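**Q** I'd like to ask you about the structure that follows.
The values are calculated or read from the model by the stated rules, or taken from the named source; none is laboratory data. Remember, predicted model here, so these are calculated numbers, not experimental data. Cβ coordinates were reconstructed from backbone atoms using ideal geometry, including for glycine residues, and neighbour counts include every protein chain displayed. Surface areas here come from the heavy atoms of the whole protein model, side chains and all, with no ligands, DNA or RNA. Shrake-Rupley method; radii C 1.70, N 1.55, O 1.52, S 1.80 Å.
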Amino acid sequence: ETGVTQTPRHLVMGMTNKKSLKCEQHLGHNAMYWYKQSAKKPLELMFVYSLEERVENNSVPSRFSPECPNSSHLFLHLHTLQPEDSALYLCASSQDWQGGNTIYFGEGSWLTVV
Amino acid sequence: AQSVSQHNHHVILSEAASLELGCNYSYGGTVNLFWYVQYPGQHLQLLLKYFSGDPLVKGIKGFEAEFIKSKFSFNLRKPSVQWSDTAEYFCAVKGGTGRRALTFGSGTRLQVQP
């Protein structure tokens, strides 16, 4: 149990579907993150939110749309994805995003785009 | 470009062998350094971290890492590995010029044979 919960754990979607990934953290942290983990590639930072405000967008295509309604919840809305978007999407949180705070990860959502 | 390099992609060792995994980064300025581990089927979790002070950092499960500023390195070591150390190990760096979020290397898969 990491204190960061992601749902669903597995998702298969067609290229024309709209789906969302959900993340909830129970650690009282102020910063939340989305990372993408693909085989044989470094973890790629996608988005950073601090106190519900997006502070970093790492050149992510607009077919990925994040939403942070409060400091405990983070969503990743998915629309018209491509097969190459299939990957493990990791949510994470930390006390704040500046400084060397430890980042705590969820178990990830496996996404397959068909 | 700023990057984190892990040169060993796949390491196979026998139990009781010594381990050293390399990590180099290309950031200038002050950095915070981390090693994360991902056991099969589990979430990413922190192994150890360096913020300042003693460049030799001790983490969980007998792991340690040494920060050598002049070499931009933060290599992970363990004197005697166990089968349960089989996992993927990720080096991560936070900080450096214009970069405030955590950036990961591509990971090293360690396989320990009994």
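**Q** Just subtract the alpha-carbon distance of A:D96 and A:T80 from 0.36 nm times their residue separation and send over the number in nm, one decimal.
**A** Full extension of this stretch gives 2.6 nm more.
**Q** If we count every other residue with Cβ under 13 angstrom of B:S18's Cβ, Lys/Arg +1 and Asp/Glu -1, where does the sum land?
**A** It works out to a net charge of -2.
**Q** Follow-up. With the contact rule set at Cα under 8 Å and sequence spacing of 6 or more, what percent relative contact order holds for the stretch B:56-112?
**A** Reported relative contact order: 26 percent.
**Q** Then there is this: Over both sides of the B-A contact, add up the buried accessible area with a 1.4 Å probe and give it to the nearest 100 Å².
**A** 1700 Å²
**Q** Tell me the per residue accessible area of the stretch B:1-56 using a 1.4 Å probe; a whole number in Å² is fine.
**A** 48 Å²
**Q** What does the extension gain come out to for B:A17 and B:S80, with contour length at 0.36 nm per residue minus their alpha carbon separation?
**A** So the chain would gain 22.2 nm between B:A17 and B:S80.
**Q** Which distance in nm do the two modelled labels at B:S3 and A:V60 give, with both placed 7 Å along the Cα-to-Cβ direction?
**A** Between B:S3 and A:V60, the label points sit 2.4 nm apart.
**Q** Picking from B:S52, B:H10, B:L21, whose Cα lies most toward the positive end of the charge dipole for chain B (charges on Cβ: Lys, Arg +1; Asp, Glu -1)?
**A** Checked the options; the winner is B:S52.
**Q** List the relative contact order of the stretch B:1-85 as a percent without decimals, with contacts defined as Cα pairs under 8 Å and 6+ residues apart.
**A** 33 percent
**Q** Would you please state which residues of the stretch B:1-43 a label at B:K69 would reach in this model, taking the label point 7 Å out along Cα→Cβ and a backbone N cut-off of under 12 Å?
**A** Under cut-off, by backbone N: B:29-31.
**Q** Let me ask something else about it. Run the dipole for the stretch A:34-96 about the Cα centre, Lys and Arg Cβ at +1, Asp and Glu Cβ at -1, nothing else charged, and hand back the magnitude in debye, nearest 20.
**A** Rounded to the nearest 20 debye, it is 280 debye.
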